[in-house]
Structures are given as structure tokens and as C-alpha cells.
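Okay, structure first, notes after.
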């Protein structure tokens, strides 16, 4: 392996880690093993701290492929709780409102999900890294400042209901880059005349890369041991 010339790594991002932390830790491991101070490392597609799953990291000259890799179709498994909302649309913030769910049936959920397939406009979460006047949206949210985010056009290739246990549902989503699954949960709740927020999210695929292709963070050390063994003491 030649990390300076460029390599592409597939990592299962740990829960609670930011995407930046994953990049920082992997870069530090490689630099320490190679005995170098700097190495260009980037990722293709951010995952929220409360999400896990496929992250593609590029090193060296391979970072030039990041934009291309970011454009690949993504697949997610998302757990959603109906009947309650949070400001961040996930578990980062506390529940701020509750709504009835007794009118919701499994068939109603399936019909509602079908409405989101195709090209749709989605308003990003206020707790997101979207920039407004040069400032990240989440900074406005944490400063209790109200801003209006513009909807973005994206594509949902498919949505499948894979578990129904009211008030909880689990869905599989195949979608384009830029899709906020948290915002999709919000919109599904509203379409069901209730509320909703995301309780768990796993990115199971990016392009053709699946979880089976990914290293756990502790397996990065073993990869480095294989290609760059430490000298015997």
C-alpha cells in the first residue's frame, strides 16, 4: 500500500464519532506508522455522530476522487419513532412535542413512503452543516437564531418498510447524495399527520461498497501491521 501516492479505505464509522474525528484518527495512525508528519486524508460523504456505517476515506492523490465518490448512490437502514419530534430530528436533542399515532396503520405507512420515491425537494435540518451567509446552520440553531433554509432537490430511488411496531418503524432508503435521512423522518411524520424523529441510522452502502467491505476502526492497526510491520525489538 502507498498512502502517500494514494489509497482508498472503507471504514465502519463508530457511533458518536464525527466524520472529522474518523479522518483525524486514521491519519494519525498512518502517519505514526510511516514516520511522517503530514498526510492528505479526506472522506467522501459525511455521517452524523449518531450514525454508523460505510465511510470512504481517501489518502494522498486519491483525494482527487472524493467528489466523484461523494456522488455515488447511498443506502441506509433508518429506525424512526413516530408520534414525537425533536429540534434536530434525531436523538441529539430532547423531544419537544408529541402527537397521536393511533390513526396510523402499516398500510398507511407503506402508502406514505411511496410518495417520497422519485425527485423531491427537501429542506435540510437546522441542525446541519449547511452554510447560510458563511455560517453553519447548526451554529444558528445553538444560538437560538431563526433562519430559513432553502429546499434542495434530491432523488429517492426507493424506500422499503422493513419493520413496523408502532410507534417505531424501520425503513431501507436508497437515495442520492445530499439526502438528510433525519429530514426524511421529519417529512414522513408530517405526511402521516403526526410527528417523527430518527432513532438509529446505518449507512449500509455507498455505490458498490457495503458493510462487508469495511474495516472496524481497530482493524486499521492490523491492516498497517500487515503492510508496514514494526521492526522486532
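The values are calculated or read from the model by the stated rules, or taken from the named source; none is laboratory data. Being a predicted model, the structure only gives us computed values, none of them experimental. Heads up, the Cβs are rebuilt from the backbone with ideal geometry, glycines too, and the neighbour counts pull from every protein chain shown.
A few comments on the model shown:
- Residue that is farthest from the chain's Cα centre (by Cα), among those in the stretch 61-88 that are at pLDDT 95 or above and within 13 Å of residue 201 (Cβ to Cβ): 81
- The residues listed here are 188, 217; of these, the one that is in contact with a strand residue (DSSP E or B) (Cβ under 8 Å, 6 or more places away or on another chain) and not in a loop (DSSP other than H, G, I, E, B) is 188.
Condition check ((1) in a helix (DSSP H, G or I); (2) in contact with a strand residue (DSSP E or B) (Cβ under 9 Å, 6 or more places away or on another chain); (3) closer than 27 Å to residue 218 by Cα; (4) not assigned by TED's automatic domain parsing to the domain that holds residue 196) across all residues:
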{"position": "25", "(1), (2), (3), (4)": "yes, no, yes, yes"}
{"position": "36", "(1), (2), (3), (4)": "no, no, yes, yes"}
{"position": "39", "(1), (2), (3), (4)": "no, yes, yes, yes"}
{"position": "88", "(1), (2), (3), (4)": "no, yes, no, no"}
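- Tally of residues being assigned to a strand (DSSP E or B) and touching a helix residue (DSSP H, G or I) at 6+ places or on another chain (Cβ under 7 Å) across the stretch 143-179: 6
- Candidate set: the stretch 5-28, residues that are over 19 Å from the mean Cα position of the chain (by Cα) and surrounded by fewer than 15 Cβ atoms within 10 Å (Cβ to Cβ); chosen: the one farthest from residue 72 (Cα to Cα): 28
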